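Encoded as structure tokens, the structure appears first; notes follow it.
The values are calculated or read from the model by the stated rules, or taken from the named source; none is laboratory data. No experiment lies behind these values; they were computed from the predicted model shown. Using ideal geometry, Cβ is built from the backbone for each residue, glycine included, and neighbour counts are taken over all protein chains shown.
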Amino acid sequence: MAKIQTLPQNFRFINGVVLGAGVTAADISFRSGCTCGQDEDCQYSGCLCLADLDRDEASDDAGDDHNGLDPATRASPSPARKKAYAYHTHGNKAGLLRSKLHSSKLPLYECHQGCACSPDCPNRVVERGRTVPLQIFRTQDRGWGVRTQESIKKGQFVDRYLGEVITSAEADRRRDASVVYHRKDVYLFALDKFTDPQSLDARLKGPPLEVDGEFMSGPTRFINHSCDPNMRIFARVGDHADKHIHDLALFAIKDIQKGEELTFDYVDGASGDFEELEGKIEDMTKCLCRSSKCRRFLW
């Protein structure tokens, strides 16, 4: 009789990140949201939630000129605002990430619960949560994996990577305590998108917080690595006061068929000079993705 495979007994599913010891969210007095009177206003640079968006990126990739201004706005004497949303808002692409962002490392700025706009605001894609049914399954040689139970469009939001948000010191302690040091890196992801030693916000000076999904997470914790993935992780910001604990949001960067395994690149394209590490290769983690773009090792 075949052995029945079960998930780790010390693992539990969660619906949102859990703040560990020494990690706190911003005080309510520092919180703010947009005051947009209509959901449509949240598509433009005047929306408070989009205030930190690089103006060079505040443009639409469908129907607008190189300035990002539609013809009618450009013809006006003093155009007051630029289109700045991350998602398509009309037609069969509504809700999908704009194509120019698929390979971008820019963060996604969204409206949130503290905003005046409605829950149906087109700039609340990640906040509304996962809509795709996922299935955790056992692979032949890569442990657990996750596949989709319905087709996913390129640019579609899939889910967030959840876990316990811990300090950098605690993350290092857990790495050291792991039986195999690098095994822990499979579950730890640094929240370092906004880390800046020169930041006026002490929480962003670094070292960054990390998310540990080993013992508590969602189904994305079981997604395998690929050097040629069908998803990417994006930093997503809701309330700007909580940039230090921003979301890790997974979006499809290819059309994904029903039943297909979901993958993302654990190191987002980073590669090492393995020729210089020949003496250490036996200690490195081999990649088993078998794609034509395989880099041989994860780390």
Taking region 84-103, which residues are touching a Leu at 6+ places or on another chain (Cβ under 7 Å) and more than 18 Å from C47 (Cα to Cα)? none
Note on S199: of the conditions (1) among the small types (G, A, S); (2) surrounded by fewer than 13 Cβ atoms within 10 Å (Cβ to Cβ); (3) part of a loop (DSSP other than H, G, I, E, B), unmet is (2)
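Yes or no, residue by residue, for (1) more than 30 Å from D265 (Cα to Cα); (2) at pLDDT 90 or above:
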| residue | (1), (2) |
| --- | --- |
| D52 | no, no |
| P77 | yes, no |
| A80 | yes, no |
| K83 | yes, no |
| K93 | no, yes |
Any residue in region 223-231 that is charged (D, E, K, R), touching a helix residue (DSSP H, G or I) at 6+ places or on another chain (Cβ under 8 Å) and at negative phi? no
Out of A235, A249, sole residue that is under 14 Å from D159 (Cα atoms), among the small types (G, A, S) and touching a Pro at 6+ places or on another chain (Cβ under 8 Å): A235
Tally the residues that are modelled with pLDDT under 75 and either among the hydroxyl-bearing types (S, T, Y) or under 22 Å from the mean Cα position of the chain (by Cα) (or both), restricting the search to region 261-284. 3
Being at pLDDT below 90 and buried (at least 16 other Cβ atoms within 10 Å of the Cβ) narrows it down to one of D159, D185, D176, D141, so name that one. D185
Which one is modelled with the lowest pLDDT, of the residues in region 216-251 that are within 13 Å of the chain's Cα centre (by Cα) and part of a loop (DSSP other than H, G, I, E, B)? G238
Write out, first by first residue and then by second, each pair whose Cβ atoms fall under 8 Å of each other, whose residues are 6+ apart or on separate chains, and whose first residue, in region 144-164, is without any contact (Cβ under 8 Å) to a residue 12 or more places away in the chain while the second is part of a strand (DSSP E or B). none
Would you call T24 surrounded by fewer than 15 Cβ atoms within 10 Å (Cβ to Cβ) and either in the same structural domain as A241 (by the TED database) or at pLDDT below 85 (or both)? no
